[in-house]
Amino acid sequence: QVYIPAGTWTLSSSLVLRKGVSIRGVFPGVTCDSAGSWDLGFTVSSGTILTYPGGAVFTQDMSAGLGVLPEVDGIIIESLGFDNVGSVVVTGATNKSGLCGSTIRNLLASHVTGMAFDLTNSMHLHMSNVKVAYCYRFIRLTGDYDSTVINNAPGNSYFEDLYVLVSAAGHAQIAIQLRTLNPNAHGTGMGT
């Protein structure tokens, strides 16, 4: 278990996810950017805040090349805030597994310039209470025709209590995208 105490932590590189590791912080608080209600615009302003301008905070180890991605099963990421980052979590690759049997919960993020969550070939993923204000795109879940996502029970993931406020830069983008790269050639398609 990795505990990150309260404070603002500026990263100089991505944090590489390892199998079976839990990463938790102090649940973040926000400053409302609108006088109306917090669930419009907000900036993460207290608790554990990770910032990495232009970069992905959490990634999968790709040092050996895309052909040999190590497993990232049993990961827990919870009670963290993110402000001014490129992406929050980026995992998986074509024909290789991403997050499996993992949990992402109680995250607040603001000012995400790229895809907040870009998850390829994930399965048995539980994501809950995740709120992002001012992001370019929110979640992309991609499976490809030779992946474990398609061949082994793609429906065993669940997502609840998600919120996104898309920034002006991303207003023409799809906020939540589920897709297979070749749904008719092998296995089954992904349902929404």
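Would you mind telling me which numbered condition in (1) within 26 Å of VAL166 (Cβ to Cβ); (2) open to solvent by 40 Å² or more (accessible area, probe 1.4 Å); (3) at pLDDT 85 or above VAL16 fails?
VAL16 satisfies all of (1) within 26 Å of VAL166 (Cβ to Cβ); (2) open to solvent by 40 Å² or more (accessible area, probe 1.4 Å); (3) at pLDDT 85 or above except (1).
What number of residues in segment 74-85 are part of a strand (DSSP E or B) and either on the phi > 0 side of the Ramachandran plot or open to solvent by 10 Å² or more (accessible area, probe 1.4 Å) (or both)?
5
Got a number for residues in segment 125-153 being more than 21 Å from ILE77 (Cα to Cα) and either in contact with a Pro (Cβ under 9 Å, 6 or more places away or on another chain) or modelled with pLDDT under 85 (or both)?
Residues meeting the conditions: 10.
Being surrounded by 19 or more Cβ atoms within 10 Å (Cβ to Cβ), within 26 Å of PHE27 (Cα to Cα) and at pLDDT below 90, is that true of even one residue in segment 86-97?
Looking for residues that are surrounded by 19 or more Cβ atoms within 10 Å (Cβ to Cβ), within 26 Å of PHE27 (Cα to Cα) and at pLDDT below 90, one finds at least one in segment 86-97, hence yes.
Can you pull out every residue in segment 104-114 that is of a type outside the set (Gly, Ala, Ser) and either within 18 Å of VAL26 (Cβ to Cβ) or open to solvent by less than 20 Å² (accessible area, probe 1.4 Å) (or both)?
ILE104, ARG105, ASN106, LEU107, LEU108, VAL112
Taking segment 115-134 as the region of interest, how many residues are buried (at least 20 other Cβ atoms within 10 Å of the Cβ) and under 20 Å from PRO28 (Cβ atoms)?
So the count comes out to 8.
The values are calculated or read from the model by the stated rules, or taken from the named source; none is laboratory data. Given the structure is predicted, the values throughout are model-derived calculations rather than measurements. We place every Cβ from the backbone using ideal geometry, glycine too, and count neighbours over all the protein chains shown. Heavy atoms of the whole protein, side chains included, go into the accessibility calculation; ligands, DNA and RNA do not. Shrake-Rupley method; radii C 1.70, N 1.55, O 1.52, S 1.80 Å.
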